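Q: Handing you this structure, nothing more for now.
The values are calculated or read from the model by the stated rules, or taken from the named source; none is laboratory data. Computed from a predicted structure; not experimentally measured. Heads up, the Cβs are rebuilt from the backbone with ideal geometry, glycines too, and the neighbour counts pull from every protein chain shown.
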Amino acid sequence: MNLKTRLSQLQNQAGSRQNSPALSCQPNGLKIPHRVGQPNRDNNHRRHSDSRLAERLRGKLIDEGVIQIEKQIPLNSTHGAMPLSELQYAPQLPGDDNLKLKNVYLDTETTGLSGGSGTLAFLIGYAWLERSAICLRQLLITRFSAEAQMLEQTASGLEAAERLVSYNGKSYDLPLLVSRFRINARKQNFDHLPHLDLLHATRRLFRHHWPNCRLTTLEQRLLGYYRVDDLPGSEAPAAWFDYLQRGAEQKLLKVVEHNQSDIISLLVAHTELARITRNPDHSDLDLYSLARWIGEFDREQAYDLLRSRIDQADEKSKGYLAHLLQKSGDWQGATRLWQQLAQKRCPEALEKLAKYHEHVSKDLDAARYYCRQLPDCQARTHRLRRLQRKSGLYLSPDHSSTIL
């Protein structure tokens, strides 16, 4: 068979495939649907569906396949148990000096939770605070080909942002958006902005007290907000694909509502997290973790926090308070706390007392006393031998193990 005949056969085979129906029956009776994202709907029908969806969302179709939803939520309402009027005061977490920056709160809904170059954001929502209202904007696409237009609108909308605030956005939302801008050859200027990820603050304060640090857990335990008839974020990809394939709107409406709740919770959580770091008395946060966080920027404030709550402080908190006293030169206060902890066989306190009596008070007998109570290890043995040498004692091989 020559090349010309072979090419002719291949062309005939290709033509027969193109003429085959979109849904073909296989030997086992399985039907192969259209490729995802290419529903069997003509363009006129798709435009009509998008217009109807935009109307139901109280948004507008701003481009082919791009719906924009805008809302203003007055601050005289509540979110769970939290009055939105509290948002008028700039929230300040420990070490945060960016009080005058314009915060933009960002959240996305994507086609998958694992990330990667095949995952895109089909819904981008962000909000900022005006004097008397929360201004919320969402951009929803109804086809893959509209992604570039949505990204351009997002870049334009975020131009006024001076800091991004998210929940797990540093690890997920922002890297995903930056990669999608790069893939679509679109410019953006928000990846260099300061970024406050509230998940980090939540983990720092509550990871030892809560079963997890998901946003819904924070809403229920901190904000008193319980969602009703909510579509979980894990079901968002299926809801979007369902609209692309069959024009099913109901679940996609729930996705948009879910995204709105996420963003409002971000604003309220920022304010409430800042409040409880200033006054943690009626919260189940980890006092030690809060003191360590504050101590990174202001040791005196961390000392005041622990000193005023010494009765409710656990071993780690008392140990950190002793550390702060030591740094300030108050050896008497530090040793008093170490002795309290040493009575409970706290290894860190025993080691601190052994070091204090060896290097500061020069009471080598007391240093040996606390050193012998330490767990048996090479460091303990080394320290005891050094103390014996300092005391001028000679240890023979026969009885050194007894003394140690």
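Q: Quick one: in the range 74-102, of everything that is under 19 Å from L198 (Cβ atoms) and in contact with a strand residue (DSSP E or B) (Cβ under 7 Å, 6 or more places away or on another chain), which residue is surrounded by the fewest Cβ atoms within 10 Å (Cβ to Cβ)?
A: Ranking the candidates gives K102 first.
Here is a yes/no grid of residues against (1) in contact with a strand residue (DSSP E or B) (Cβ under 7 Å, 6 or more places away or on another chain); (2) crowded, with 22+ Cβ neighbours inside 10 Å; (3) touching a residue at least 60 places away in the same chain (Cβ under 8 Å):
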| position | (1), (2), (3) |
| --- | --- |
| L223 | yes, no, yes |
| Y226 | no, no, yes |
| D229 | no, no, no |
| Y243 | no, yes, yes |
| Q250 | no, no, no |
| E257 | no, no, no |
| L267 | yes, yes, yes |
| R275 | no, no, yes |
| N279 | no, no, no |
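Q: Next question, about the same structure. Can you pull out the residues in the range 219-255 that are at pLDDT 95 or above and over 27 Å from L120 (Cβ atoms)?
A: Listed by number, the residues that qualify are Q220, R221, L222, L223, G224, Y225, Y226.
Q: K100 - would you say it is modelled with pLDDT under 95 and either part of a strand (DSSP E or B) or over 24 Å from R204 (Cα atoms) (or both)? Don't jump to the end; show me each part of the working.
A: Details: modelled with pLDDT under 95: yes; either part of a strand (DSSP E or B) or over 24 Å from R204 (Cα atoms) (or both): yes.
So K100 passes the test.
Q: Can you name the residue in the range 281-309 that is among the acidic types (D, E) and in a helix (DSSP H, G or I) and is also surrounded by the most Cβ atoms within 10 Å (Cβ to Cβ) among such residues?
A: Our first condition is that a residue be among the acidic types (D, E); within the range 281-309, this holds for 281, 284, 286, 296, 298, 300, 304.
The next check asks that each one be in a helix (DSSP H, G or I); those that pass are 300, 304.
Values: E300: 11, D304: 14.
Ranking the candidates gives D304 first.
Q: Give just the number: which of (1) touching a residue at least 40 places away in the same chain (Cβ under 8 Å); (2) surrounded by fewer than 19 Cβ atoms within 10 Å (Cβ to Cβ) does E348 not satisfy?
A: (1)
Q: From the list S145, S179, which one is surrounded by 14 or more Cβ atoms within 10 Å (Cβ to Cβ), of a type in the set (S, T, N, Q), more than 21 Å from L215 (Cβ to Cβ) and assigned by TED's automatic domain parsing to the domain that holds T110?
A: Numbers: S145 fails: surrounded by 14 or more Cβ atoms within 10 Å (Cβ to Cβ).
Exactly one residue qualifies, and that residue is S179.
Q: Suppose we filter L321, L384, L393, L325 for residues that are modelled with pLDDT under 95 and either buried (at least 19 other Cβ atoms within 10 Å of the Cβ) or in a helix (DSSP H, G or I) (or both); which single one remains? Explain how you work it out, then say what you get.
A: Values: L321 fails: modelled with pLDDT under 95; L393 fails: either buried (at least 19 other Cβ atoms within 10 Å of the Cβ) or in a helix (DSSP H, G or I) (or both); L325 fails: modelled with pLDDT under 95.
L384 is the lone residue from the list that is modelled with pLDDT under 95 and either buried (at least 19 other Cβ atoms within 10 Å of the Cβ) or in a helix (DSSP H, G or I) (or both).
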